[in-house]
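**Q** Below you'll find the structure I mean.
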Amino acid sequence: MLRNTPKSHILFACAFIAIAVGFYFYIKDSLPPIRIYQDCPSPDLETQTKNTEGSEDCKDQGKWKIGDLVMTPGLKYAQPNTQQGRTDVNSVTNWNVPLVWEGTFDPVVIDEIYREMDPRIAVVVFAVGKYTRFLKGFLETGEKFFFVGFRVTYYIFTDNEKEVPEIEMGTGRNITILSVPPASRWQDVVLGRMKWATVAIEQQIRDEADYLFMMDIDSVFYNRFGAESLSRLSAVLHRGYYKNTARDSFPYERRPLSKAYIPAGEGDYYYTAAVWGGYLEEMYKLVKYCYEQSQEDAKNNIEAVWQEESHLNRYLLYNKPTKVLSPEYLWSNYDKVPADIKVVRISQLVKNYAEVRPNGGN
């Protein structure tokens, strides 16, 4: 073929190849490596607050992920509307993830989609000391409203197994009891949750669940709490600070000595530690982070102002949740329900803290 090719064409081709090769070697050090897969670095809790978890393709490699949004043909539901919806509240964060309120999703559609994926959902609660009295109400209402039709296991951590009530459970729904030691301070119960949850995930729950929720036992469900709450990491807005509160007035940990420290002028929202959830592995990283950071604080003779909630808020400031849930997902029976809360899904009960807490609520 080359014998019939004009010499000028051959010289031009050679010159082009030479220029191309030279250009490659000039820029090759600035090019990213080309791979047909992406390496996933191991989690490093010390750098967690720098948001260096890797790309989305790296998340939970080999673990549970939200699959295709497949829906069964023939399902009947209301047609969605691009022009109407909630106008009294914001339904998206400034990092462009959903902020979930009643009226921003169709429960028929979203539950159907997630039932096709058939996730296993773990609920971790602690019922230590006199808090065992709240188990019956939490479990009975959970069976009426929490992920109805899904596989759910309630992991009950308690220092008194005999006080765990017998509850009629739905199909595919179970209770697992895990023993923990008693505590002399309610603060130790709170901080202990992160330790014992970390251990239980490592030793047992990891093989039995795809999603995990941490919840306070002194609560009851009043309305559906379903698949709209699921994401890689979902956090709940604290009812006391979700509107008309400047972020410098949030009860963040403000002492620089603490690992939970958030400087003035920083912050998105204030999240409650009474309800939060996500992928099992993401929740494992988060509860372990809170536990290890509180241990570091203890070495420095400091305890974060709101224990694990303070560490949770620091983590979520620098590692944004992929879904934010409105205070519908944790209200309080102490407070009047405002107009923007159309549905109370779960709410904390009125109680005498001085009577139920081991150190009288102090």
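**Q** Which one of these is in contact (Cβ under 8 Å) with a residue 12 or more places away in the chain, acidic (Asp, Glu), surrounded by 19 or more Cβ atoms within 10 Å (Cβ to Cβ) and more than 21 Å from Arg86 (Cβ to Cβ): Glu296, Glu292, Glu282?
**A** Of Glu296, Glu292, Glu282, the one residue that is in contact (Cβ under 8 Å) with a residue 12 or more places away in the chain, acidic (Asp, Glu), surrounded by 19 or more Cβ atoms within 10 Å (Cβ to Cβ) and more than 21 Å from Arg86 (Cβ to Cβ) is Glu282.
**Q** Just give me the residues in segment 299-318 being open to solvent by 30 Å² or more (accessible area, probe 1.4 Å) and under 26 Å from Asn244 (Cβ atoms), in sequence order.
**A** Correct list: Val305, Trp306, Arg314, Tyr318.
**Q** Within segment 120-163, which residues are in a strand (DSSP E or B) and open to solvent by 40 Å² or more (accessible area, probe 1.4 Å)?
**A** Arg120, Arg151
**Q** Turning to a different aspect of this structure: What number of residues within segment 227-259 satisfy the criterion of being under 15 Å from the mean Cα position of the chain (by Cα) and assigned to a loop (DSSP other than H, G, I, E, B)?
**A** Applying the first criterion (under 15 Å from the mean Cα position of the chain (by Cα)) to segment 227-259 yields 227-238.
Cutting the leftovers down to assigned to a loop (DSSP other than H, G, I, E, B) gives us 230-232, 238.
Summing the residues that are under 15 Å from the mean Cα position of the chain (by Cα) and assigned to a loop (DSSP other than H, G, I, E, B) in segment 227-259 gives 4.
**Q** So which of Asn362, Asn333 is at pLDDT below 95 and surrounded by fewer than 24 Cβ atoms within 10 Å (Cβ to Cβ)?
**A** Details: Asn333 fails: at pLDDT below 95.
Every option except Asn362 fails the conditions.
**Q** Show me the strands (runs of 3 or more DSSP E) found entirely inside segment 170-226 where at least 3 residues are modelled with pLDDT under 95. Even if it seems obvious, please write down each step before you answer.
**A** On the way: elements: 173-179, 211-215, 219-221.
The strands (runs of 3 or more DSSP E) meeting that bar number zero.
**Q** Looking at (1) in contact (Cβ under 8 Å) with a residue 40 or more places away in the chain; (2) open to solvent by 30 Å² or more (accessible area, probe 1.4 Å); (3) more than 20 Å from the chain's Cα centre (by Cα), which is the one condition that is false for Thr82?
**A** It fails just one condition, (1).
**Q** How many residues are farther than 12 Å from Gly240 by Cα, charged (D, E, K, R) and assigned to a loop (DSSP other than H, G, I, E, B) when one looks only at segment 321-346?
**A** 3
**Q** Checking Asn301 against (1) over 30 Å from Phe145 (Cβ atoms); (2) not in a loop (DSSP other than H, G, I, E, B), only one condition comes out false. Which one?
**A** In the conditions (1) over 30 Å from Phe145 (Cβ atoms); (2) not in a loop (DSSP other than H, G, I, E, B), Asn301 misses (2) alone.
**Q** Considering only residues that are of a type in the set (Val, Ile, Thr) and open to solvent by less than 10 Å² (accessible area, probe 1.4 Å), which ones fall in segment 211-250?
**A** Ile217, Val236
The values are calculated or read from the model by the stated rules, or taken from the named source; none is laboratory data. Predicted model only: the values in this text are computed from it and were never measured. All Cβ positions, glycine included, derive from the backbone under ideal geometry; neighbour counts span all protein chains shown. Protein only, heavy atoms only, side chains kept; ligands, DNA and RNA dropped before computing areas. Shrake-Rupley method; radii C 1.70, N 1.55, O 1.52, S 1.80 Å.
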